[in-house]
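A short worksheet on the structure shown next.
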Amino acid sequence: MIDDADIREDRALELDAEADPALRRDDFLIPPAVGGDFPLTAYFAGNSLGLQPRATRGELMADLDAWEELGVHGHTDADRPWVSYHEALRDPAARVVGALPHEVVIMNTLTVNLHLLLASFYRPTAIRHRIVIEDSAFPSDSYAVRSHVAFRRHDPDTAVLRLRPRDGEDTLRTEDIIDTLDQHAHSIATVLIGGVNYLSGELLDIPTITAAGRRIGAAVGWDLAHAAGNVPLSLHDWDVDFAAWCSYKYLNSGPGAVAGAFVHERHLSNAAIPRLEGWWSTDPETRFEMQPISSPQASADAWSMSNPPILAMGPVRTSLGIFDSVGMPALRARSLRLTAYLRELLEHLATRADLHIVTPADDAHHGAQLSVRIDTDVADLTERLSVNWGVVADDRRPDIIRFAPAPLYCTFHDCWRAADALSNELTGEGI
Ligand SMILES: Cc1ncc(COP(=O)(O)O)c(C=O)c1O
């Protein structure tokens, strides 16, 4: 437990004074605070929408300039030719998720990618027809799997198996997930779970669960919306079948940014796997021969359909450049320190106020998010944190407030401000 000296504001400032190569705050535009004593927001909503990198505007302008100057010739003659623009994003995206470059494609949006991957990796039979998701899956994932089940003429109410924590617990246990997989081994076609749960902030044991799912003959996929750019991932080595993520949270590529998808190498040249295709699925060498039958390469690009939205690709490229220059190990090291510090402050506050951190404390089971249960009107409390203190978090009703100290731009002092603001709102006194 933290002692009194450690909760002082000075301590946060001392921690911020230590050099940390993973702190890239100057590369980001921090929104002005709407209230409180500090000019800038203490921003904890990067698990919802990451902040804008300073370089993004220039990158976007360069792509607009190319369009202005080259018109249609930009497809081939732009400095970053549009026809192959997505290929430049493949390597850095693969490094973020621990994949081989040809296992990754930047395309579409997250739910669309989940649908495209389910079209390939949910192939139900009369017996093996179930999909496993977590009960607290983000609603879009629930709707996606239910609609796939219905699309294949099964009953979503019985074919979707929802993983629930034990009574009185907030998070899932690996052994319980494996038990469920084993119990229903013959009827499970596909597993699709969030790598980091959006509500609890729990990081699941992706390699162990993947191995258990594959052992029973299911295809195992992961929604990495809250994991990509947040926690170290090794999708290739973990033998994950498929995965998808968005780029607007920890990947800071802007609202509705172009998303990512992963298909394991072992599936890439398997002609037995069905796929929904378009002209961007086919081999770029022969694409403009305009043949009626596609000839995809053995690459995740085979899952892409349309020519990419170039004006939306620049922000992803800019952001991935930052991740490349910092590297996931350094980022994770800073993330763990920041999150541990925020946890200590909140635990200190919990001795005086009625709050409970539902995110697991064990480093193997969390990323850069602490979900705090408070028995109050959390929407109103979140609003007061912003208006009175310039602290931006977000609420998930009925009783959760999420704080995500994103390591690229959040500071220890931001964490102190969050705890101090919460303390003032809940107890009438500072931390
Ligand atoms: C875990 C998870 N899955 C799916 C989605 C939906 O994403 P999109 O609107 O990009 O399809 C979100 C959005 O926040 C999410 O957090």
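The values are calculated or read from the model by the stated rules, or taken from the named source; none is laboratory data. A quick note: this is a predicted structure, and the numbers were derived from the prediction, not measured. Quick reminder, even Gly has a Cβ in these numbers, built from the backbone with ideal geometry, and neighbours come from all protein chains shown. All accessible areas refer to the heavy atoms of the entire protein, side chains included, with ligands and DNA or RNA removed. Shrake-Rupley method; radii C 1.70, N 1.55, O 1.52, S 1.80 Å.
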Do any residues in the stretch 135-147 that are under 17 Å from residue 123 (Cβ atoms) have Cβ atoms under 9 Å from those of residues that are open to solvent by 50 Å² or more (accessible area, probe 1.4 Å) and within 11 Å of the ligand (Cβ to nearest atom), where the two are at least six apart or on different chains, and which pairs are they?
144/115; 147/115
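Rundown of residues vs (1) within 17 Å of residue 119 (Cα to Cα); (2) touching a residue at least 24 places away in the same chain (Cβ under 8 Å); (3) open to solvent by 20 Å² or more (accessible area, probe 1.4 Å), yes/no style:
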| position | (1), (2), (3) |
| --- | --- |
| 269 | yes, yes, yes |
| 272 | yes, no, yes |
| 283 | no, no, yes |
| 293 | no, no, yes |
| 303 | yes, yes, no |
| 309 | no, yes, yes |
| 314 | no, yes, no |
Please enumerate the residues belonging to the stretch 125-141 that are more than 16 Å from the chain's Cα centre (by Cα), farther than 17 Å from residue 202 by Cβ and not hydrophobic (A, V, I, L, M, F, W, C).
125, 128, 129, 130
Name the one entry in 134, 169 that is at pLDDT 95 or above and surrounded by 18 or more Cβ atoms within 10 Å (Cβ to Cβ).
134
Any residue that is in contact (Cβ under 8 Å) with a residue 40 or more places away in the chain and among the aliphatic types (A, V, I, L, M) - is there at least one of those in the stretch 69-82?
no
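May I ask you to say which residue of 219, 189, 212 is in contact with a helix residue (DSSP H, G or I) (Cβ under 9 Å, 6 or more places away or on another chain) and without any contact (Cβ under 8 Å) to a residue 40 or more places away in the chain?
212
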Selection within the stretch 188-218 - of a type in the set (Gly, Ala, Ser) and open to solvent by 20 Å² or more (accessible area, probe 1.4 Å)
211, 217
In the stretch 261-301, the residues that are touching a His at 6+ places or on another chain (Cβ under 9 Å) and in a helix (DSSP H, G or I)
265, 268, 300, 301
I'd like the residue in the stretch 49-66 that is without any contact (Cβ under 8 Å) to a residue 24 or more places away in the chain and surrounded by fewer than 16 Cβ atoms within 10 Å (Cβ to Cβ) and, out of all such residues, is nearest to residue 393 (Cα to Cα).
57
Of all residues in the stretch 1-29, which are surrounded by 12 or more Cβ atoms within 10 Å (Cβ to Cβ), out of contact with any Lys or Arg (no Cβ under 6 Å at 6 or more places or on another chain) and under 17 Å from residue 335 (Cβ atoms)?
12, 15, 16, 21, 23, 24, 25, 28
In the stretch 395-416, which residue that is open to solvent by 20 Å² or more (accessible area, probe 1.4 Å) and in contact with a strand residue (DSSP E or B) (Cβ under 6 Å, 6 or more places away or on another chain) is nearest to residue 355 (Cα to Cα)?
399
Residue that is farthest from residue 431 (Cα to Cα) [pool: residues in the stretch 1-25 that are in contact (Cβ under 8 Å) with a residue 60 or more places away in the chain and not in a helix (DSSP H, G or I)]
21
Looking only at residues that are out of contact with any helix residue (DSSP H, G or I) (no Cβ under 7 Å at 6 or more places or on another chain) and open to solvent by 10 Å² or more (accessible area, probe 1.4 Å) in the stretch 227-238, which one is nearest to the ligand (Cβ to nearest atom)?
234
Only one of these is touching a helix residue (DSSP H, G or I) at 6+ places or on another chain (Cβ under 9 Å) and not β-branched (Val, Ile, Thr): 93, 17. Name it.
93
Which residues, taken from the stretch 247-276, are within 16 Å of the ligand (Cβ to nearest atom) and under 24 Å from residue 161 (Cα atoms)?
261, 262
Here the residues within the stretch 142-154 that are within 18 Å of the chain's Cα centre (by Cα) and over 14 Å from residue 116 (Cβ atoms) are 142
